[in-house]
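To keep things clear, I will list the structure first and then write my remarks on it.
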């Protein structure tokens with residue numbers, strides 16, 4: 001368990017599902033640039049949304065590992081989506097692949113926004129994270 005994180009949940013607020021309203025953490029900060037669903041050679045293996053989400057999360061996990069961090073150290077995550085309807089329609093699959101790659105760490109302040117486009121035309125999702133090592 002990552003003991004340097006405190007989940008911020010105001011009294012009387014309904015608990016969020018799958019994320020935290022806020023997180024306070026102390027330690028070494030790690031900033032992971034926006035990752036997309038291509039492999040280590042910067043090549044897309046699929047145009048499927050869920051396949052790209054999986055690869056994006058694997059890329060994040062690999063960058064975190066370079067700093068000695070794991071998904072449990074993530075404090076903030078921002079998703080940039082080309083199509084929010086696909087994200088919402090495939091939410092169960094998104095959750096499944098999230099748990100498969102990152103585990104059940106939900107103590108993360110998250111945002112998701114739909115954007116007009118990403119720098120790589122084939123990219124369907126881009127995710128950036130901040131992590132804090134104790």
Original post:
Can you find a residue in the stretch 19-28 that is at positive phi, in contact with a strand residue (DSSP E or B) (Cβ under 6 Å, 6 or more places away or on another chain) and either part of a loop (DSSP other than H, G, I, E, B) or loosely packed, with under 14 Cβ neighbours inside 10 Å (or both)?
Top reply: yes
Subject >> Members of the stretch 99-113 found to be surrounded by 15 or more Cβ atoms within 10 Å (Cβ to Cβ) and within 18 Å of residue 126 (Cα to Cα), listed by number >> reply: 101, 102, 108, 109, 110, 112
Subject >> Selection from the stretch 58-77 of residues that are over 20 Å from residue 27 (Cβ atoms) and touching a strand residue (DSSP E or B) at 6+ places or on another chain (Cβ under 7 Å) >> reply: 59
Subject >> Enumeration of residues in the stretch 64-92 that are surrounded by fewer than 15 Cβ atoms within 10 Å (Cβ to Cβ) and farther than 22 Å from residue 32 by Cα >> reply: 83, 84, 85, 88, 89, 91, 92
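Values quoted throughout were computed directly from the atomic coordinates according to the rules given, and no laboratory measurement underlies them. Since this is a predicted model, take the numbers as computed values, not measurements. All Cβ positions, glycine included, derive from the backbone under ideal geometry; neighbour counts span all protein chains shown.
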